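Nothing in this text is a laboratory measurement; each read-out follows from the coordinates by a stated rule. Note that the structure is a prediction, hence the values are computed from the model and not measured. Note: ideal-geometry Cβ built from the backbone for every residue, glycine included; neighbour counts use all protein chains shown.
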Amino acid sequence: MPITARSAALAGFAQTLKALDAILDKALEQATARRIAPEVLLAARIAPDMLPFTRQIQLTCDFAKNAVFRLSGAENPKMPDVETSFEELKARIGKTLGFVESADDAALDVGLGRDVTFPRGPSATVTMKGEKYLTLFAVPNFYFHAATAYAILRENGIQIGKSDFLAGVLDS
């Protein structure tokens, strides 16, 4: 069976988005129990020059939804970066997950062979084949931001582990 866009990337997007949703629940529960204001975690970052937790979640969602819309030609759902709570981040994850799961597989696979043009900074664009865009740009960026969000929570004492990040992968 040939590899498809869904099996190569979207299945992982969906699994990781679901895992992040559950991780946010654990983080909020632990923060509440330890009397840590949620805003502290939302603004936390690993290093001063890195983006904060909230932005890491937003970008994780953006890389998943943008890959789907750019490959499939579906309408890009608007998601302004306005989240200020765990509940709002969970809603964004849910909206992204719904979009990823509803993607048209045939359109995605056709998109792998097309040129994909996307912004690189405020005034430049990059064009590459859809397969290269998905495998060498969208997927690595998705996991970079998802793993960074996870690491920010760990750095701030939230008790989550690798099994939380990989939730659903080894379950049978």
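Are any residues in the range 125-160 under 30 Å from Leu42 (Cα atoms) and outside any helix (DSSP H, G or I), and if so, which ones? Residues satisfying the conditions are Asn156, Gly157, Ile158, Gln159, Ile160.
Scan the range 53-98 for residues that are touching a residue at least 60 places away in the same chain (Cβ under 8 Å) and of a type outside the set (D, E, K, R) and the total you get is 16. Among the residues of this structure, Thr117 counts as one that is more than 16 Å from the chain's Cα centre (by Cα), without any contact (Cβ under 8 Å) to a residue 12 or more places away in the chain and surrounded by fewer than 15 Cβ atoms within 10 Å (Cβ to Cβ). Pairs linking a residue in the range 7-19 that is β-branched (Val, Ile, Thr) to a residue that is surrounded by 21 or more Cβ atoms within 10 Å (Cβ to Cβ), with Cβ atoms under 6 Å and 6 or more positions apart or on different chains, are Thr16/Ala146. For the range 145-165, indicate whether the set of residues that are within 18 Å of Arg6 (Cα to Cα) and surrounded by 13 or more Cβ atoms within 10 Å (Cβ to Cβ) is non-empty. Within the range 145-165 (the criterion being within 18 Å of Arg6 (Cα to Cα) and surrounded by 13 or more Cβ atoms within 10 Å (Cβ to Cβ)), the answer is no, since none of the residues qualifies. Within the set Ala31, Ala37, Ala44, Ala27, the sole residue that is over 13 Å from the mean Cα position of the chain (by Cα), farther than 30 Å from Gly111 by Cβ and surrounded by fewer than 16 Cβ atoms within 10 Å (Cβ to Cβ) turns out to be Ala37. Note on the range 28-82: residues that are in a loop (DSSP other than H, G, I, E, B) and closer than 20 Å to Val100 by Cα total 9.
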